[in-house]
1. Name the single residue, out of those in region 166-183 being without any contact (Cβ under 8 Å) to a residue 40 or more places away in the chain and out of contact with any helix residue (DSSP H, G or I) (no Cβ under 9 Å at 6 or more places or on another chain), that is surrounded by the fewest Cβ atoms within 10 Å (Cβ to Cβ).
2. Under 7 Å between Cβ atoms, which residue pairs at least 6 apart in sequence (or on different chains) link something in region 19-37 that is part of a helix (DSSP H, G or I) with a partner that is open to solvent by less than 60 Å² (accessible area, probe 1.4 Å)?
3. Among what's in region 127-156 and is assigned to a strand (DSSP E or B) and surrounded by fewer than 24 Cβ atoms within 10 Å (Cβ to Cβ), pick the residue that is nearest to the chain's Cα centre (by Cα).
4. What do you reckon, is LYS13 part of a strand (DSSP E or B), of a type outside the set (A, V, I, L, M, F, W, C) and surrounded by fewer than 17 Cβ atoms within 10 Å (Cβ to Cβ)?
5. Find the residue count for region 71-80, including only residues that are in a helix (DSSP H, G or I) and either open to solvent by 20 Å² or more (accessible area, probe 1.4 Å) or more than 18 Å from ARG156 (Cβ to Cβ) (or both).
6. Kindly indicate whether ASP35 is under 22 Å from ILE177 (Cα atoms), charged (D, E, K, R) and in contact with a Ser or Thr (Cβ under 6 Å, 6 or more places away or on another chain).
7. In region 73-88, which residues are at pLDDT below 90 and either polar (S, T, N, Q) or in contact with a helix residue (DSSP H, G or I) (Cβ under 8 Å, 6 or more places away or on another chain) (or both)?
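The values are calculated or read from the model by the stated rules, or taken from the named source; none is laboratory data. Source: prediction; values computed, not measured. Because the Cβ atoms are built from the backbone with ideal geometry, glycine has one as well, and the counts that use them run over all protein chains shown. Heads up: the accessible areas ignore ligands, DNA and RNA and are worked out on the full protein's heavy atoms, side chains in. Shrake-Rupley method; radii C 1.70, N 1.55, O 1.52, S 1.80 Å.
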Amino acid sequence: MQEFYDITVAGVKRSLPIVPISDTLSIAGFVMFGDTEVVEPCARALAERLPKDVEVLVTAEAKSIPLIYEMARQMKMPRYVIARKSVKGYMKNPNVTTVNSITNMGREQILVVDEHDAEFIKGKKVAVVDDVISTGSSLAAIEKLVEQAGGEIVARAAVLAEGDAADRKDIIFLEKIPLFFHEKKD
């Protein structure tokens with residue numbers, strides 16, 4: 001099996017390591033942390049593709065934080081919302097949902113939006129943003145939190161659409177990447 005998957009996204013070339021996440025499935029590991037050469041052009045490109053009426057950007061902790069920060073900055077938004085992966089002591093009346101994403105390797109986790117963020121989302125047009133959309137489970141969990149808060153989802157966006165997600169008509173993405181299926185090793 002190949003070791004890297006080469007991609008150009010928003011004009012930037014990268015070789016993504018192919019990493020196993022199960023006995024029969026590997027993914028191209030796309031990590032934006034620390035890669036300003038990727039974050040800035042991807043944020044610009046995604047922000048340009050969003051509907052003009054978006055008022056709030058929401059993402060899940062953690063890999064998409066640099067992306068959503070830069071998108072909010074470029075869109076001149078004073079604030080964005082991060083669905084956290086645990087309830088924090090400072091949170092009042094947290095809204096909690098569960099998610100089992102492809103990168104969690106079968107482990108369920110929670111996503112949390114507190115009362116302060118929920119109030120900020122209420123009545124606003126929201127774009128849910130992620131670095132990679134694959135199964136859509138993280139996206140669905142964030143959408144549930146936005147809907148519980150009273151926000152209206154007007155866009156779903158990601159830098160990359162993985163596997164079948166690239167066939168979805170309801171998401172905005174910059175590039176597609178494959179899933180890598182292989183025989184189980186004995």
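1. The extreme case among them is LYS169.
2. Listed by first residue and then by second, the contacts come to GLU37/VAL12.
3. Here the residue is ARG156.
4. In short, yes.
5. Final tally of qualifying residues: 2.
6. no
7. SER86
Here's the yes/no breakdown for (1) in contact with a helix residue (DSSP H, G or I) (Cβ under 6 Å, 6 or more places away or on another chain); (2) among the aliphatic types (A, V, I, L, M):
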residue: THR36; (1), (2): no, no
residue: LEU50; (1), (2): no, yes
residue: GLU61; (1), (2): no, no
residue: SER64; (1), (2): no, no
residue: MET71; (1), (2): yes, yes
residue: TYR90; (1), (2): no, no
residue: LEU111; (1), (2): yes, yes
residue: GLU119; (1), (2): no, no
residue: ILE153; (1), (2): yes, yes
